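Have a look at the structure below before the remarks.
The values are calculated or read from the model by the stated rules, or taken from the named source; none is laboratory data. Please read all numbers here as calculations on a predicted model, not as lab measurements. Please note: Cβ atoms are built from the backbone with ideal geometry, for glycine as well, and neighbour counts cover all protein chains shown. Side chains included, ligands, DNA and RNA excluded: accessible areas come from the protein's heavy atoms. Shrake-Rupley method; radii C 1.70, N 1.55, O 1.52, S 1.80 Å.
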Amino acid sequence: MKDGFKKIYDEIISPGRTFQEKVFVILTVIAEVAVFLVFVGDIIIGEYFLEIAILGSTLLISFPITYLTFKKKKTHVGAMMIASGVVFLVLPVTYFFGGGITGGADLWFTFSYLYIGLILVGNMRKLMLALLTIEVILMYAVDYLNPSLIERHTRNMLIKDSAISAILVGFIVYIMVYLLNKMFQWENDKTVRQAQEIEELGKAQNRFFSSMSHEIRTPINTIIGLNEMILREEISDEVADDARNIRSASKILLSLINDILDMSKIESGKMDIVNVPYDVGGMLSEIVNMIWVRADEKGLKFTLDVDPGLPASLVSDEVRIKQILINLLNNAVKYTEEGTVTLSIHCRKTDKSRVLVTYSVEDTGMGIRKESIPYLFDAFRREDERKNRYIEGTGLGLSIVKQLVDLLGGEISVNSIYTKGSTFVFTLEQEVADERAIGKYEPGKYKERGRTDYQELFEAPKAKILIVDDNTANLLVATKLLRKTKVRITTAESGAEALEKTASDHYDIILMDHMMPEMDGIQCLHALREQSGGLCKDTPVIALTANSGSENQAMYRREGFDGYLLKPVESTELERTLLEFLPDDLVQRKDDENTKFESDLIVRQMRKKIPVLITTDSICDLPKDLMRSLKIPVLPYKVYTDRGVFSDGVEAEGDVILKYLGSKDSLAKSEAPEPSEYEAFFAEQLSYAQHIIHIAFAKNASHGYANASEAALSFYNVKVFDSGSLSSGTGIVTLAAKALVDDGQTDTDVIISELEKLRPRINTSFIMDTTEYLYRGGRMTETVYKICNAFLLHPVIELQKSSMKMGGIIIGSRARYKRRYIEKTLRNPLDIDTSILFITYVGMKKSEVEEIRDEVLKVVPFEKVYMQKATSAISINCGPGTFGLLFARK
């Protein structure tokens, strides 16, 4: 018996059963048990025979229906049959012969609604609920209009029947709800387990593809690198042809691996878009060099049409845009036997700082059938498979293109005439990083050089380079590729060996592999930067790795690498990278035509990373020309108004916001950037610096410190400092940090320590002409606002321990409160550091501020006084007439 029940239970909860099937059988069994108990109760209390007979018949029929329909997986039929029996047979009989409203019928009506609502689905549920409602109305109408048709219960019978009905319906509803919750929990647990299994499977798949990509790139790096050395030599035409074929086959294999890896990332949602400024001319040069050779090998003409007004630098994911264009151009070359392949790029401005770039790839190839176009971007699908079965590829290219365009927020379309050619067009809106136009772009000069044209870009016989890689073949390749540059190369086969060498010798550049046993490249880099007595703590370190993808580039940047080279590495790219980071006095550039060709080919801004960069937020209230001259990057706060969101100090100035707020109905608020915005800001600035110290607004007065600190967790070399001040008080701390860096201090811990000593000495306070803006911003109650307004009370706001406090109240006219505030703030003038003073103000005339300056100088002879207009983020909360004296004490 026990085994039989267990078998039934296992069948009910079997994974092969749908949730609705489980609901039907469990709730129906509960209902049948309830009917059985009612049947027994009716016999005991002596109900009418017809009612007892109907209940007994229902039990005899419903059990077989439930069993058979469940076994045959036809529970929807069983549910409909039982629901019909309840509505058209059981309820009318029990109502008319069970006492009507004096027999507990209302409770069974409620139970019927619940039961039908749970076991039926879709239109059948709606139909039966409608019929049940009509039936209930009719039965109550009959009871009201012709009560003689109802067999009434005596008082004793009424009490017994109602009690039994109340208890049974109560227990049944409780058990139903309890079991439904259990079933939902079972299903949820099942879903969670399945999600975990899928996630683990996805992780395993990603690990496999990533590992496969890394492991295949490593030998390909050796093949392509050593093959390059063969092409540089004086060899026969036959050997040169063989070497070129090896290079072509290697690149095809690499392309296949990239397609599979990228498809895996996209499907698992792991494909990240990394938007950074990039050089448009440089990107196009790399693409043209690659495609021209392939087109030339097939005898195709490759033309380039670039809008001269295209900005020289844009902000987007350069790697993904390049990938899209190369995929489309490769397809155009592969499927075109004769004629032309054309790349066209045009742009138009969408607003002041953004452009919509249109990329078009046109060919005179075989074209695409009209009926195939809707399926063109499906994975593993090819147009005219039989005709193209000998063309290399995975069939993933266009699918990846479509999904990358979607990830970048763009649109792609295709026009094609079968046997005549195709045109692929995609558009991407991008931010402008450099408004200078790219100018005339001539494709003729971008031909790849032949084997006899190789010329090193420079010689640096005194430069010392350390190459770290656990693979001896990779060390051999890198060493041979750099042989003609005459650089002095030292190799290390592990992170530990590299640290031994940097402890005793200085190197101008370090090329570091990532995936190494025991100590990987990232761990080695961190150890190198913190190495006690190390001679390479500030040496540029370039990641030379087989880990592809823009997300990996961003990761290396966050970890502190100065550059990124992907295996297999091109010799020209390797030499350009060394040129970028080697000290100029060690480099002898080659000035022949080949080098001129390279410099024309790629327009790069050669930059050396500074040891420490000081950054801050827009609400530091420092003069813009001062920040520009000191090269202090600033991240703007956001200003939210009814008319949109604006960048503080960039799109919204304090005076403009005050005019907008002149209307009583206008509202505005300022918010700190989100952690993701800070993270993007830090990632961009790490292109120029090895370490960042970000000076933040007082941590208890804004979310800026918390958001910046959260973003800094993604970087090992970014520190966020709480200035403990606001407005120009934060600016003073920023200037102090910058002065320490300019004096040669590169130890971030020492800089932070000095700033901590300065923080309590910063005097940050403001006096407010009106409290209206505090009230409108929700920082003051209406009652307090009215009292202040009526009695000419002017609050003084001070910063104490990173929190805004009420520092006092000054009563009286504008002239009086200005004088009293100056006297109070500048008390004990001998304790004041007189090097710098900021008079930061909101909505005041220049003459008023000059009067304040003259009054201040009568008390304390400050050496430098800045009259600084507050940013919009400060102005919103203070209102016109507000000003503050911000300085440091000794």
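Here are some notes:
- Exceedance of the 21 Å cut-off in Cα-Cα distance is limited, within the set LYS624/LYS719; LYS462/LYS501; LYS22/LYS190; LYS631/LYS669, to LYS624/LYS719; LYS631/LYS669.
- Segment GLU754..LYS890, full-extension length gain: 47.6 nm, with 0.36 nm per residue of separation and the alpha-carbon distance subtracted.
- DSSP-defined beta bridges in the range 816-886 - what % are antiparallel, rounded to 5: 45
- A DSSP coil position with no more than 16 other Cβ atoms inside 10 Å describes the following trypsin sites (Lys or Arg not before Pro) in the range 661-762: LYS664.
- Estimated distance in nm for a label pair at LEU60 and LYS590, the labels positioned 7 Å out from Cα along Cα-to-Cβ: 10.4
- Near SER494, the amide H atoms lying under 5 Å from its own belong to ASP469; only residues 5 or more places off or on other chains count, and H is placed 1.01 Å from N.
- Average accessible surface for the range 134-191: 67 Å² per residue, computed with a 1.4 Å probe over protein heavy atoms with every protein chain in place.
- Whole-Hz couplings from phi, Karplus 6.51/-1.76/1.60, listed for the range 400-415; x for Gly and Pro: 5, 4, 4, 6, 5, 4, 4, 4, 7, x, x, 9, 9, 9, 9, 10
- The listed residues ARG155, ARG217, ARG889, once ranked by accessible area (1.4 Å probe) with the largest placed first, stand as ARG155, ARG889, ARG217.
- Estimated FRET transfer efficiency (ASP434, LEU713; beta-carbon r; R0 22 Å; 0.05): 0.10
- Fully extending the segment from LEU793 to LEU857, taken as 0.36 nm per residue of separation minus the present Cα-Cα distance, adds 20.4 nm.
- Approximating the spin labels as points 7 Å out from Cα along Cα→Cβ, the GLN196-to-ILE811 distance works out to 6.9 nm.
- In Hz, Karplus ³J(HN,Hα) per residue of the range 344-355 (6.51, -1.76, 1.60; θ = phi - 60°; x = Gly, Pro): 10, 9, 9, 8, 9, 6, 9, 7, 4, 10, 9, 10
- Surface accessible to a 1.4 Å probe, LEU408 within the full protein complex, Å²: 30
- Extension gain for LEU158-GLN185 works out to 5.7 nm (0.36 nm per residue, less the C-alpha to C-alpha distance).
- Computed with a 1.4 Å probe on the full set of protein chains, the accessible area for GLU823 sits at about 90 Å².
- Database remark: amide H of LEU511 closer than 5 angstrom to the amide H of LEU466, ILE467, VAL468, ILE542 (H placed geometrically; neighbours at sequence offset of 5 or more, or on other chains; Pro and chain starts carry no H).
- The modelled label-to-label distance for the pair PHE88/VAL425, using points 7 Å beyond Cα in the direction of Cβ, is 6.2 nm.
- Amide H within-cut-off set for ILE810, under 5 Å, with H built and near neighbours excluded: HIS794, VAL796
- For the range 663-747: rounded, prolate or oblate by the Cα gyration tensor [a/c cutoff 1.5]: oblate
- For the range 307-370, a crude dipole built from +1 on the beta carbon of Lys and Arg and -1 on the beta carbon of Asp and Glu, taken about the Cα centre, is about 320 debye to the nearest 20.
- For the range 19-134: rounded, prolate or oblate by the Cα gyration tensor [a/c cutoff 1.5]: oblate
- Accessible surface of ARG816 - all protein chains present, 1.4 Å probe, nearest 10 Å²: 100
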